[in-house]
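The values are calculated or read from the model by the stated rules, or taken from the named source; none is laboratory data. Computed from a predicted structure; not experimentally measured. FYI the Cβ positions are ideal-geometry reconstructions off the backbone, even for glycines, and counts take in every protein chain you see. The accessibility values were calculated without ligands, DNA or RNA, using every heavy atom of the protein model including side chains. Shrake-Rupley method; radii C 1.70, N 1.55, O 1.52, S 1.80 Å.
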Amino acid sequence: GTSRTGSTIAAVSFTFSGMMVTQIVHHIVMQTLSLFPFELIAVELAIRKNKPWIMMLLAFVVGAQLLVGFYQIVLYSLIVVVLYGVGRLWMQSTTLKEKLALGGTMAAAIALGFGIGALQLVPSIEFTLRSNRSTGVSQSDVWQYPYPLVHFITFLWPYLLGDPRRGTYPAFSD
């Protein structure tokens with residue numbers, strides 16, 4: 001329901017956001033994140049048209065994100081998509097039965113997406129269990145690299161302190 005101008009501004013803002021610009025050298029992050037708008041579109045169309053089967057598009061997008069293999073972005077996008085879906089269903093002026101049907105379809109679509117992505121997810125889990133990360137990260141490892149307060153400026157100006165690709169970004173700790 002947004003105008004072409006509003007849609008264009010939103011698309012350009014997403015494409016050139018700080019997250020996308022700073023991750024331009026990390027193709028896997030950008031590939032995973034670029035599928036995020038399609039998740040929101042699938043949820044929005046299913047709720048707006050009140051047709052649960054449209055939510056199954058979400059399954060293919062979640063599956064594609066998992067196949068790319070950067071699971072942190074998948075987790076973040078699913079958190080936002082679920083919160084968005086629940087919020088939209090809450091505001092929707094349909095019956096409780098229709099809201100539950102759409103919500104159940106969204107959960108099934110996400111589960112099916114994990115089934116599609118299992119081709120990548122299962123070997124990744126097996127690999128993790130055989131790596132030095134199998135026991136988790138120790139508390140000392142967590143505190144070894146604290147995030148200094150001065151580095152928060154990079155959320156607004158990503159390369160102010162340097163460029164990690166060129167080794168000019170200051171170390172977090174000694």
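Check each of the trypsin sites (Lys or Arg not before Pro) in region 96-174 and keep only those in coil by DSSP with at most 12 other C-beta atoms within 10 angstrom; list them in order. Mind showing how you got there, number by number?
Details: sites: LYS97, LYS99, ARG130, ARG133, ARG165, ARG166; in loops: ARG130, ARG133, ARG165, ARG166.
Answer by residue number: ARG130, ARG133, ARG165, ARG166.
To the nearest 20 debye, what is the magnitude of the charge dipole of the chain about its Cα centre, counting +1 on the Cβ of each Lys and Arg and -1 on the Cβ of each Asp and Glu? Don't jump to the answer; show the numbers that get you there.
Working: 11 positive and 7 negative charges, 110 e Å.
Once rounded to the nearest 20, the dipole reads 520 debye.
Span-like helices, the chain: DSSP H, alpha-carbon axial extent 24 Å or more, mean Kyte-Doolittle -0.5 or greater, which ones? Before the final figure, lay out each step's value.
Details: long enough: 71-91 (30 Å, 1.56); 96-129 (43 Å, 1.13).
Helices passing the filter in the chain: 71-91, 96-129.
Using a Gaussian network model on the chain with a 10 Å cutoff between Cα atoms, which of VAL142, VAL74, VAL82 fluctuates the most?
Checking each option, the largest mean-square fluctuation is seen for VAL142.
Compute, for region 72-150, the length of the dipole vector about the Cα centre, with Cβ point charges of +1 (Lys, Arg) and -1 (Asp, Glu) only. Units Debye, rounded to 20.
Details: 5 positive and 3 negative charges, 37 e Å.
Roughly 180 debye, rounded to the nearest 20.
Hey, which aspartates and glutamates would be in cross-link range of LYS49, C-alpha to C-alpha under 19 Å, not counting anything within fewer than 8 residues on its own chain?
GLU39, GLU98
Given a 1.4 angstrom probe, I'd like the percentage of the accessible area of the chain that is carbon and sulfur, rounded to a whole number.
Working: 8070 of 11730 Å².
Here carbon and sulfur together make up 69 percent of the probe-accessible area.
Mind checking which of SER77, SER13, SER34 has the largest fluctuation in a GNM of the chain, springs on alpha carbons under 10 Å?
Greatest mean-square fluctuation among the candidates belongs to SER13.
Working only with C-alpha atoms, what are the Rg and Dmax values of region 100-161, expressed in angstrom?
Taking only Cα atoms of region 100-161, I get Rg and Dmax of 19.4, 50 Å.
Normalise the Cα radius of gyration of region 1-57 by 2.2 N^0.38 Å (N = residues in it) and let me know the number. Write out the running numbers ahead of the final one.
Values: Rg = 13.8 Å, N = 57, 2.2 N^0.38 = 10.2 Å.
Relative to the 2.2 N^0.38 Å estimate, region 1-57 comes out at 1.35.
Quick check: with the 1.4 Å probe, what order do GLU126, GLU44, GLU98 take by accessible area, largest first? Let's see the in-between values first.
On the way: GLU126 95, GLU44 30, GLU98 70 Å².
Accessible-area ranking of GLU126, GLU44, GLU98, largest first: GLU126, GLU98, GLU44.
Specify the residue with the greatest mean-square fluctuation among ALA46, ALA11, ALA107, computed from a Gaussian network of the chain linking alpha-carbon atoms under 10 Å apart.
ALA11
Select from VAL62, ILE73, GLN23 the residue farthest towards the positive end of the dipole of the chain; place +1 on Cβ of Lys and Arg, -1 on Cβ of Asp and Glu, and compute about the Cα centre.
So the residue furthest toward the plus end is VAL62.
May I ask you to work out the translational diffusion coefficient for region 1-147 at 37 °C, viscosity 0.692 mPa s, via Stokes-Einstein with Rh from the Kirkwood sum over Cα pairs, reported in whole µm²/s? If you can, show how the numbers build up before the last one.
Working: Rh = 17.2 Å.
Result for D is 191 µm²/s.
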